[in-house]
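Take a look at the structure below.
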C-alpha cells in the first residue's frame, strides 16, 4: 500500500517505541506504518489522527469496527477528497477560505486541500489552522525565526513537525507553557510522554473548561454562542480561533512580553461576555480602519445627544474629531473609534464643540451639519476639482481646505478658505458696507488663483480699497504701523470684508461683476506693494490697479484699464503689441510729473507734439493731425477729442517710422490726469522682457 500522507519525522517523534524498534535498520518508519501502525491506529502525519477522524466522522466508524477498512485507509481513499476533518492540526475548510487560489484548484478536482498542504502549502508557510499565528510564532521563537530567515524551514512546517511536541505557543493567546504551568496534572502527563500540551488542550482542556494560564479560560466564554457552537461541534480550531480573537480585549488577559496587538486585529462580533464584564481596548491600540465598537465594549470615544437633539462630546475629549458618512448618517471618530451616536445628514443634525475640540471631515459631510460652539471646524476638499459653496452653511469657526485640483470655493462672514494646489476660485459672499471677516489663505496668482467678487452685493469698484491689514480675531490691524504681509479688502469706507493672508507683496486677480461703463472688463489685477509688477493677460481686457506704493503697470494685447493709485507709478507702453487704436489701453489716474510713462525711446518733457483737438477718433483724422505737425519717428504726441465735459485726452508714442500708423504706434487714453499734458515725458526701455526691465531698474537706481 502506498502511504499517501506520511511524515517520517512526525511518526517517529510521536512513537518512540517504533523509533527504538527500527533502530537496527530492519525496516523503515513507513514500512512499519504499513505493516503495523495503520492497523494500530497510529498517526502517520500531522494531517491525520485516527481517533480524531472517527470521532468527527461517525459514519465511518461502523466499517472500521467491522474490520472492512482502517480509518487511515478510508481517509486516504475517500476522506481527504471529500474534505473531511481528519486532524486537530489541520482545518481544511479554513485553509480553503484563506487561500482562494487553492480553493480554485480543489474545486476543479486537481487535488485535495490535504494534498496541496502536504505538497506545497506547508513549505510555503500557509497556516494550517485559523488559530495559528505565524508572525507571533516566529516572534516567540527566535531560533525558529532564524531558521526561517535562512530558508531552511517555514513557520508552519516547524510548528507541525516540532512545535506541537515542544509545547511552543500557537498564538499570542494560546500559550502552552502557561497552560502547563497552571495545570500540573497535564504537565505530568506531558512529562511522561502520554500527550502534548496542545494535544491535551484540544482533546480535553477545552471541553473541561480549563484555564489557559494567561487569565483566559472557557468560563469567560460560557455565554458566547459562537464559542459554544464550535465547542458543541467539536471544532477545536474554531474554538481556539474565537478564544484568540476575543482574548486581547478581556480585562483579565495577560499578554505575552513585547506583544503589541496588530492594527488589523478583528473586533469580535456577537460576543456575549460574562455578566458584569465588558471588553476593553488595550491602551494605545488604534485599529487599522475606524470602527464602531459593539455595546459589550468599554467605549474609548463616545458622544451624547441632548433631548434637543444636539450631539456633544464629553470634557475628556479634546483634539481632532472626524466626521464620516456612515450609511447616510454622520458618524464621529477619534483615535480609530467611531462613537455609537450618529446624526442625520440633512442639515437637521447639530453638533456642539468646546474650544478644545476640532471637527474635521469631507466638505460634503461638514456642510450637512449645524455646528456651534468655540471649536474649530475644517472642511476638506478632494484631490479633484471641487465646487464648495459654504455661504449658507450653519457652521461656526469654519475653515475650508480645498486641497488639490482647480476648486471653486464660496465663503461668507467668519469663514476661511485655503486653496491648495491648482487654480482656485475664491467666491466672496458679502455685502458692501456690512462688516465681515472672510479670510483667504494660500492665495497664489501664479497657479491661476482668482478672487471672484461677482457675489458681493452693492459692489462698487471705485469704492473698493485694499490695504496692508489683518484681522487679529478682535479687530483689524492696519495703517502706517502695520508690518505684516496680509491685506484687507474694503468694499466701502466703513468696514473691511476680506483678509487675504500672505498676499501683501503679491499681485491678486479678481473676477468682477458687470459694471456699468466698464462692460467687457471681467477681471482686475491689483498690487499694493512698492515695486510690484502688474501685467495684463492677452486674451481679454483687464483692469490693472496699484496701491499706495509705486507699481509697474503693463497692458496686454487687448484694451486694458491702468490705474496706478498713490505713489510713483510706471505705465509701461513699450510693448509694441500692447495698445493700438483698435485695442487701446486707458490710464485713469496719471499724475504728470510724479508718475512716468515707459516707452521704447526716451522723450523729454516739452518734446511732445501737440496734435490739438480732433473731431473724430479714427486713423485718418489722427494721421492728418499728427503728420501736419511732422510726427517724427520715435516721437510722442497728445491730442483731445470732443468738447467740454465730453473731452477725452490721448497720448501717442511713435514707432521707428515717421507718421502715425494705427497698427504700429502705441496710443492710450488718459483720464483724470493731474498736470498739463505738455509736461509729459517718457522713460525709454528697449522692451519689457526681463532684460529690459533689468536695464530699467538699473537706470532708475542710478
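The values are calculated or read from the model by the stated rules, or taken from the named source; none is laboratory data. Note that the coordinates shown come from a computational prediction; the quantities given were computed from them, not determined experimentally. So basically every Cβ, Gly included, is an ideal-geometry build from the backbone, and we count neighbours across all protein chains shown.
Residues checked against (1) surrounded by 16 or more Cβ atoms within 10 Å (Cβ to Cβ); (2) in contact (Cβ under 8 Å) with a residue 24 or more places away in the chain; (3) in a helix (DSSP H, G or I):
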{"residue": "152", "(1), (2), (3)": "no, no, no"}
{"residue": "157", "(1), (2), (3)": "yes, yes, yes"}
{"residue": "174", "(1), (2), (3)": "yes, yes, no"}
{"residue": "193", "(1), (2), (3)": "no, yes, no"}
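Taking the options 412, 417, name whichever one is touching a strand residue (DSSP E or B) at 6+ places or on another chain (Cβ under 6 Å) and at pLDDT 90 or above.
Just one listed residue meets the conditions, 417.
Test residue 3 against the criterion of being at pLDDT below 95, surrounded by 14 or more Cβ atoms within 10 Å (Cβ to Cβ) and under 18 Å from residue 114 (Cα atoms), and give yes or no.
So residue 3 passes the test.
Quick one: which residue in 496, 483, 463 is without any contact (Cβ under 8 Å) to a residue 60 or more places away in the chain, out of contact with any helix residue (DSSP H, G or I) (no Cβ under 6 Å at 6 or more places or on another chain) and closer than 22 Å to residue 563 by Cα?
Details: 496 fails: without any contact (Cβ under 8 Å) to a residue 60 or more places away in the chain; 483 fails: closer than 22 Å to residue 563 by Cα.
Exactly one of 496, 483, 463 is without any contact (Cβ under 8 Å) to a residue 60 or more places away in the chain, out of contact with any helix residue (DSSP H, G or I) (no Cβ under 6 Å at 6 or more places or on another chain) and closer than 22 Å to residue 563 by Cα, namely 463.
Please state which one of 147, 134 is in contact (Cβ under 8 Å) with a residue 12 or more places away in the chain, within 26 Å of residue 6 (Cα to Cα) and buried (at least 17 other Cβ atoms within 10 Å of the Cβ). Don't jump to the end; show me each part of the working.
On the way: 147 fails: in contact (Cβ under 8 Å) with a residue 12 or more places away in the chain.
Of 147, 134, the one residue that is in contact (Cβ under 8 Å) with a residue 12 or more places away in the chain, within 26 Å of residue 6 (Cα to Cα) and buried (at least 17 other Cβ atoms within 10 Å of the Cβ) is 134.
Need at least 1 residues that are over 22 Å from residue 496 (Cβ atoms) and out of contact with any helix residue (DSSP H, G or I) (no Cβ under 7 Å at 6 or more places or on another chain) per element, so show me which strands (runs of 3 or more DSSP E) inside segment 340-455 make the cut, counting only ones lying wholly within it.
350-353, 357-362, 370-373, 377-380, 387-389, 398-401, 408-411
Does segment 499-523 hold any residues that are in a strand (DSSP E or B) and in contact with a helix residue (DSSP H, G or I) (Cβ under 8 Å, 6 or more places away or on another chain), and which are they? Full working, then the answer.
Restricting attention to segment 499-523, the residues satisfying the condition of being in a strand (DSSP E or B) are 499-500, 508-511, 523.
Correct list: 508, 509.
Quick check on my filter: what residues within segment 445-460 are without any contact (Cβ under 8 Å) to a residue 60 or more places away in the chain, under 35 Å from the mean Cα position of the chain (by Cα) and surrounded by fewer than 18 Cβ atoms within 10 Å (Cβ to Cβ)?
Within segment 445-460, 446, 447, 448, 454 qualify.
Within segment 225-236, restricting attention to residues that are surrounded by fewer than 22 Cβ atoms within 10 Å (Cβ to Cβ) and under 40 Å from the mean Cα position of the chain (by Cα), which residue is nearest to residue 130 (Cα to Cα)?
226
If you go through segment 383-405 one residue at a time, how many are surrounded by 17 or more Cβ atoms within 10 Å (Cβ to Cβ) and within 17 Å of the chain's Cα centre (by Cα)?
Residues flagged as surrounded by 17 or more Cβ atoms within 10 Å (Cβ to Cβ) and within 17 Å of the chain's Cα centre (by Cα) within segment 383-405 amount to 7.
May I ask you to say which residue of 99, 135, 141 is at pLDDT below 90 and either more than 25 Å from residue 197 (Cβ to Cβ) or in contact with a helix residue (DSSP H, G or I) (Cβ under 9 Å, 6 or more places away or on another chain) (or both)?
135
Looking at (1) under 20 Å from residue 228 (Cβ atoms); (2) surrounded by 13 or more Cβ atoms within 10 Å (Cβ to Cβ); (3) modelled with pLDDT under 95, can you tell me which one residue 275 breaks?
Single failed check for residue 275: (2).
What are the residues in segment 207-253 that are farther than 18 Å from residue 267 by Cα and either in contact with a strand residue (DSSP E or B) (Cβ under 7 Å, 6 or more places away or on another chain) or not in a helix (DSSP H, G or I) (or both), if any?
Within segment 207-253, the subset farther than 18 Å from residue 267 by Cα is 207-215, 217-219, 222, 228-237.
209, 210, 211, 212, 213, 214, 215, 217, 222, 233, 234, 235 - these are the residues of segment 207-253 that are farther than 18 Å from residue 267 by Cα and either in contact with a strand residue (DSSP E or B) (Cβ under 7 Å, 6 or more places away or on another chain) or not in a helix (DSSP H, G or I) (or both).
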